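So the structure is just underneath, and the comments pick up after that.
We did not get these values from a lab; they are worked out from the coordinates using the rules stated. Only a predicted model underlies this, so the values are computations on that prediction, with no experimental measurement involved. Counting neighbours? That spans all protein chains shown, and the Cβs are built from the backbone with ideal geometry, glycine included.
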Ligand code: SF4
Ligand code: SF4
Ligand code: SF4
């Protein structure tokens with residue numbers, strides 16, 4: 001009789017253990033799904049006010065070239081002839097010759113509009129997100145050039161590898177519907 005009771009107890013014990021294990025697995029599955037769906041509506045973005053233009057956006061992204069690109073806000077641009085985002089400091093001539101340009105890839109392009117105004121546009125296919133032009137524009141210009149994560153390229157990694165090394169803590173999670181942050 002005692003033996004039978006022991007056997008039942010052991011069976012009950014194993015059943016109980018399996019039941020708890022199943023609940024634990026279900027719980028972690030539901031938690032993971034909830035966590036993922038909470039994250040799904042959010043994307044990584046750079047707060048331009050916090051960015052210190054360190055250059056790591058060009059090298060620390062998991063994709064190459066980086067998902068970070070320079071964007072240009074035309075409303076705040078001065079259309080300057082002497083653009084500190086475009087020209088090397090102390091450039092000998094204000095021309096589009098490669099030796100006068102600050103951008104290492106020729107991604108920032110200059111077009112004459114009318115005396116004395118020039119328009120600057122970013123060729124994103126060439127931009128590596130190094131932030132050199134951004135630094136120049138922010139030091140002496142209007143700050144119309146700034147870095148942003150391009151969501152058509154970004155993998156929306158759970159942990160952004162640039163955010164981990166960003167010295168300005170400039171990477172933030174924002175609702176996907178907002179998508180971009182202005183330099184204001
Ligand atoms: S890593 Fe941070 S501080 Fe450096 S350029 Fe990118 S956003 Fe700016
Ligand atoms: S200087 Fe760097 S951030 Fe600016 S357009 Fe060129 S590659 Fe992009
Ligand atoms: S989330 Fe990933 S792909 Fe997007 S900018 Fe960061 S490291 Fe690059």
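Computed extension gain for residue 119 through residue 105, at 0.36 nm per residue and net of the alpha carbon distance, reaches 3.2 nm. Label positions at residue 42 and residue 95, each projected 7 Å from the Cα along the C-beta direction, are separated by 5.2 nm.
Pairs of Cα atoms nearer than 8 Å and 6+ residues apart set the relative contact order; for the stretch 62-158 it is 41 percent. I want to check the label-to-label distance for residue 161 and residue 139. Put each point 7 Å from Cα in the C-beta direction and report it in nm to one decimal. Here the modelled spin labels are 2.9 nm apart. Here the stretch 42-175 is treated as a Stokes sphere of Kirkwood radius computed over C-alpha pairs; at 10 °C and 1.306 mPa s its diffusion coefficient rounds to 105 µm²/s.
A simple packing score, the average count of other Cβ atoms within 10 Å per residue, orders the peptides 133-141, 92-100, 53-61 as 133-141, 53-61, 92-100, with the highest score first. For 177, 110, the sequence from fewest to most other C-beta atoms within 10 Å is 177, 110.
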